[in-house]
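Worksheet: one structure, shown below.
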Amino acid sequence: VMLLGDSGVGKTCFLIQFKDGAFLSGTFIATVGIDFRNKVVTVDGVRVKLQIWDTAGQERFRSVTHAYYRDAQALLLLYDITNKSSFDNIRAWLTEIHEYAQRDVVIMLLGNKADVSSERVIRSEDGETLAREYGVPFLETSAKTGMNVELAFLAIAKELKYRAGQQTDGPSFQIRDYVESQKKRSSCCSFV
């Protein structure tokens, strides 16, 4: 699983929130190159090991990141809801993904920093519209509060588990339907 998006959107904090249940506050230190962490999650009673790659968002590290695209089975593409350019650059990220990643890679769009809704410049509806246009699931998340962080990774893990054991006559799993059903279940407590 790779985390992608512009520098400063919260990829490293997102990963640490998922891996350790903690938030890195304070000074922002940009990821240089690429880093990874492992975490085992349980999906439908089966343990699934996720290797999560945290990438540098800066342009100067893009060629390094490209080399890792083709081995990724899933991509979490993040933007910052308080930063318009990070949202505007999502199309460029998706173009890169289609150029360098496997054709059947699982992609999820995440609008991060939903805890700072007072500084919001990207509406939730805009994220949903863009995700629909590209046929990918969408969630707003907060690396700070943990909102929807685990859901994003569990949805990806469920999709990867489903694909690994896919049977033509078995029940199908639809990641977008799963994400939507989970969002509706927790909508009483969301920031959106």
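The values are calculated or read from the model by the stated rules, or taken from the named source; none is laboratory data. For clarity, every value in this text was computed on a predicted model and none was experimentally measured. When we count neighbours, we look across all protein chains shown, and the Cβ atoms used for this are built from the backbone with ideal geometry, even at glycine.
Here are the numbers:
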read-out	value
Sole exception among (1) among the basic types (Lys, Arg); (2) in contact with a Gly (Cβ under 7 Å, 6 or more places away or on another chain); (3) on the phi < 0 side of the Ramachandran plot for Lys113, by number	(3)
Matching residues in the stretch 105-134 - criterion: being farther than 17 Å from Asp6 by Cβ, in contact (Cβ under 8 Å) with a residue 12 or more places away in the chain and either surrounded by fewer than 13 Cβ atoms within 10 Å (Cβ to Cβ) or polar (S, T, N, Q) (or both)	Ser117, Ser124
Matching residues in the stretch 113-126 - criterion: being outside any loop (DSSP other than H, G, I, E, B) and either in contact with a helix residue (DSSP H, G or I) (Cβ under 6 Å, 6 or more places away or on another chain) or aromatic (Phe, Trp, Tyr) (or both)	none
Any chance Ala152 is modelled with pLDDT under 95 and crowded, with 16+ Cβ neighbours inside 10 Å	no
Of all residues in the stretch 157-173 being at pLDDT 65 or above and out of contact with any helix residue (DSSP H, G or I) (no Cβ under 9 Å at 6 or more places or on another chain), the one that is surrounded by the most Cβ atoms within 10 Å (Cβ to Cβ)	Ala157
Tally of residues being modelled with pLDDT under 90 and aromatic (Phe, Trp, Tyr) across the stretch 1-52	3
Search result, residues across the stretch 135-149 that are surrounded by 23 or more Cβ atoms within 10 Å (Cβ to Cβ), touching a Phe, Trp or Tyr at 6+ places or on another chain (Cβ under 9 Å) and not aliphatic (A, V, I, L, M)	Pro137, Glu140, Thr141, Ser142
